[in-house]
Amino acid sequence: MSLWRLEWLRLVRTKRWLALLGVYLFFGFVGPVIARYLSEILSLAGGELEGAVIEIPPPVPADGMGQYVSNAMQVGTLIAVAVSAGALAFDAVPEMGVFLRSRVDDVRTILTPRFVVTAAAVSLSFLAGALAAWFETTMLIGELDAFAVLAGAALGMLYLIFVVAMVGAVAGWARSILGTVMASIVILLVMPLVGVVGPLGRWLPSHLAGALGALPAGVAEIGDYLGAAVVTVAISLGLVWLSLRLARQREL
């Protein structure tokens, strides 16, 4: 059995694909519903506080995608980090690491299918959720610009591929799956804080995370994300190279 087929079966039979797809589809269908009925939801929850009435403006189509992005890029990314760590930190279980390494000539043979399959599963799950949110928004609120939605989804997928690559690099340094997850989460939390410094945020991978919400809303244009997209591709390739280098050093 090839390592490609083994990785695919591991993703499917452990139900990890279900966790990924489920969380993104859930927010894809629920986000537009919340955007459409937010005023009613607040009224049922108690919209008056000491005589003050909370008034929500009528929903617009972009609100549906905004709700999806705000949830998917938080909870969904955490699930993606956990799934990626389980796939890429194969040395966390010493017996498994020795078993796999003793059957290949280069650690790249182990990491390549794990990275590709995981990145595809994460990014395609996000896309499935975005398409669900697009459909639900169209049904409940109104039409969205197709180019803005697809471009925003593509940029979001690129960001998630970067996340997988970053987890792979961290896995080459950390000694456990939990350590890989925690260190990766810290990096993802720190990155937006670094982006607050001047214009630096426009060039960071984290800038792509909100594209699916901003482009359909008309508050940004595709050109606003091209620089960050180029930087993200370059950093992702560098992280993949780093993960291979660290894995080879650990082998020695």
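Note on segment 78-96: residues that are open to solvent by 40 Å² or more (accessible area, probe 1.4 Å) and either part of a loop (DSSP other than H, G, I, E, B) or over 18 Å from VAL181 (Cβ atoms) (or both) total 3.
Among the residues making up segment 119-154, those that are within 30 Å of LEU237 (Cα to Cα) and either of a type in the set (S, T, N, Q) or not in a helix (DSSP H, G or I) (or both) are SER123, SER125. Taking the criterion of being touching a Pro at 6+ places or on another chain (Cβ under 9 Å) and either surrounded by fewer than 12 Cβ atoms within 10 Å (Cβ to Cβ) or in a loop (DSSP other than H, G, I, E, B) (or both), no residue of segment 211-220 qualifies. The requirement of being open to solvent by 20 Å² or more (accessible area, probe 1.4 Å) and among the polar types (S, T, N, Q) is fulfilled somewhere in segment 171-185, by at least one residue. The set of residues in segment 97-121 that are open to solvent by less than 20 Å² (accessible area, probe 1.4 Å) and hydroxyl-bearing (Ser, Thr, Tyr) contains only THR118. Could you tell me whether segment 221-228 includes any residue that is buried (at least 16 other Cβ atoms within 10 Å of the Cβ) and under 28 Å from GLY64 (Cα atoms)? Scanning segment 221-228, I find at least one residue that is buried (at least 16 other Cβ atoms within 10 Å of the Cβ) and under 28 Å from GLY64 (Cα atoms), so the answer is yes. Just to check your reading of the model, which residue among LEU244, LEU204, LEU239, LEU208 is over 27 Å from MET65 (Cα atoms), surrounded by 14 or more Cβ atoms within 10 Å (Cβ to Cβ) and modelled with pLDDT of 90 or more? Just one listed residue meets the conditions, LEU239.
Inspect segment 55-70 for any residue being modelled with pLDDT of 85 or more, of a type in the set (Ser, Thr, Tyr) and part of a helix (DSSP H, G or I) and give the result as yes or no. Spell out the reasoning first.
If we filter segment 55-70 for residues that are modelled with pLDDT of 85 or more, which is where we start, we get 60-70.
Subsequent filtering for residues that are of a type in the set (Ser, Thr, Tyr) retains 68, 70.
Next cut, part of a helix (DSSP H, G or I) only: 68, 70.
Scanning segment 55-70 turns up at least one residue that is modelled with pLDDT of 85 or more, of a type in the set (Ser, Thr, Tyr) and part of a helix (DSSP H, G or I).
Just one residue in the set LEU131, LEU140, LEU124, LEU150 is open to solvent by 20 Å² or more (accessible area, probe 1.4 Å) and at pLDDT below 95; that residue is LEU140.
Scanning segment 155-203 for residues being of a type in the set (Lys, Arg) and outside any helix (DSSP H, G or I) gives a total of 1.
The values are calculated or read from the model by the stated rules, or taken from the named source; none is laboratory data. Remember, it's a predicted structure, so these values are computed and weren't measured experimentally. Methodologically, a virtual Cβ is constructed for each residue, glycine included, from the backbone with ideal geometry; neighbour enumeration extends over all protein chains shown. Remember, those area values only see protein heavy atoms, side chains included, never the ligands or the DNA or RNA. Shrake-Rupley method; radii C 1.70, N 1.55, O 1.52, S 1.80 Å.
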